[in-house]
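Here is the structure we will look at.
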Amino acid sequence: MNGWVLLVIGLASLGLVCFAFVYLGYTGYRLVKAGLRLTRTYGPPAAELAGKAAAATERAGQAGIYAEDIMASLARLQVSLQRLQIIAEAFQGALSPYRRLRSYLGR
C-alpha cells in the first residue's frame with residue numbers, strides 16, 4: 001500500500017505543478033495582451049508628447065537667447081534715455097533766458 005500512496009501523492013503533485021504552469025502561462029499571456037494593447041493605445045500619444053517636450057526644451061533655449069538680446073537692448077535703451085534726458089535738460093536751460101525775457105515783456 002505504501003507504493004500506491006506514494007504514487008497518488010506523486011501524481012497529485014505532478015498535476016498541481018502542471019496546473020500551476022498552465023495558470024502562470026495563461027496569466028502571462030493575458031499580461032502580454034494587455035501590454036500590447038497599452039502600447040498600441042498609448043504609444044503614439046506618448047511619442048507625440050515626447051516630441052512636444054523636446055520642442056518645448058528647444059524653445060526654452062531660444063527664449064534664453066532672446067532674453068539676453070532683450071537685456072542688451074534694454075541696456076542700450078537706458079543709455080539712450082539718459083542721453084535724451086541730458087539733451088532735454090540742456091534745451092530747457094537754453095530756453096530759460098528767453099522765457100524770462102517773455103515773462104518780463106508780459107507775454
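The values are calculated or read from the model by the stated rules, or taken from the named source; none is laboratory data. The structure displayed is predicted, hence computed values, not measured ones. When we count neighbours, we look across all protein chains shown, and the Cβ atoms used for this are built from the backbone with ideal geometry, even at glycine.
Using the structure shown, decide if TYR42 is loosely packed, with under 10 Cβ neighbours inside 10 Å and either touching a Cys at 6+ places or on another chain (Cβ under 9 Å) or at pLDDT below 90 (or both). Outline the logic, then answer.
Numbers: loosely packed, with under 10 Cβ neighbours inside 10 Å: no; either touching a Cys at 6+ places or on another chain (Cβ under 9 Å) or at pLDDT below 90 (or both): yes.
The answer is no for TYR42.
Would you pick out the residues in the stretch 53-88 that are among the charged types (D, E, K, R) and at pLDDT 90 or above? Outline the logic, then answer.
Residues of the stretch 53-88 that are among the charged types (D, E, K, R), as a first pass: 58-59, 68-69, 76, 83.
Residues satisfying the conditions are ARG76, ARG83.
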